[in-house]
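Colleague: Structure below; questions to follow.
The values are calculated or read from the model by the stated rules, or taken from the named source; none is laboratory data. A quick note: this is a predicted structure, and the numbers were derived from the prediction, not measured. Note: ideal-geometry Cβ built from the backbone for every residue, glycine included; neighbour counts use all protein chains shown. Heavy atoms of the whole protein, side chains included, go into the accessibility calculation; ligands, DNA and RNA do not. Shrake-Rupley method; radii C 1.70, N 1.55, O 1.52, S 1.80 Å.
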Amino acid sequence: MNDHVNVVGIDPSQKMLDIGKGKVMKKQMTERVQLLIGKAEDLSQFKEGSFDHEIVSFGVRNFQDREAGLKEMARVLKKNGRVAILELTGTDENEKGPLSPAREFFISTVMPFIGGLISGKRETYGYLHKSSASFPAKNAFADMLRAAGFKIISQEHLTPFGLGPLLTVAEKA
């Protein structure tokens, strides 16, 4: 990590924060990484424009109020700051095609299997299929980000044929 970079991580789960703190300590980064309990929907402990960049990986799906969470993320991001969001999304109607069943199989079976192999906890990844089906599709998610105050820079599926996660990069408008 760059010597002048500081990281603030926020999660509503103390258990997840404890796991993260163990990793931070192991890497001897406690002076530059701060992990706090909290929710994206309420970042009131931070002033407007506090952060240069934001990253969310498979977390927006867990916001209790996505609209409020995205608006708070925009509020605490500096002007022209960027956010990178990695999520499994629903499928836009124009994206459905002959590979849609393959996508469903990939998300419901392959990803939980691979996640389970890596983590040793396959059941942890079983919720992906349900939560991705209820998550907005690519275009609808872009609209949500725009409504929250972001400008879309790029949206790209990280696996062929839109089968896997969508990486969205946006900038505070």
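Colleague: Would you mind telling me which numbered condition in (1) among the β-branched types (Val, Ile, Thr); (2) at pLDDT 85 or above; (3) open to solvent by 50 Å² or more (accessible area, probe 1.4 Å); (4) within 19 Å of Ser132 (Cβ to Cβ) Ile118 fails?
Modeller: So Ile118 meets the others, but not (2).
Colleague: Next question. I'd like to know if the stretch 39-59 contains one or more residues that are modelled with pLDDT under 95 and open to solvent by less than 50 Å² (accessible area, probe 1.4 Å).
Modeller: yes
Colleague: Residues that are farther than 15 Å from Phe135 by Cα, modelled with pLDDT under 95 and among the acidic types (Asp, Glu): does the stretch 15-30 have at least one?
Modeller: No, every residue in the stretch 15-30 fails to be farther than 15 Å from Phe135 by Cα, modelled with pLDDT under 95 and among the acidic types (Asp, Glu).
Colleague: Now for a separate question. Where residues in the stretch 126-136 are in contact with a strand residue (DSSP E or B) (Cβ under 8 Å, 6 or more places away or on another chain) and crowded, with 17+ Cβ neighbours inside 10 Å, which of them is modelled with the highest pLDDT?
Modeller: The extreme case among them is Pro136.
Colleague: Tell me, which residue of the stretch 145-163 that is under 29 Å from Thr109 (Cα atoms) and surrounded by fewer than 16 Cβ atoms within 10 Å (Cβ to Cβ) is modelled with the highest pLDDT?
Modeller: Result: Ser154.
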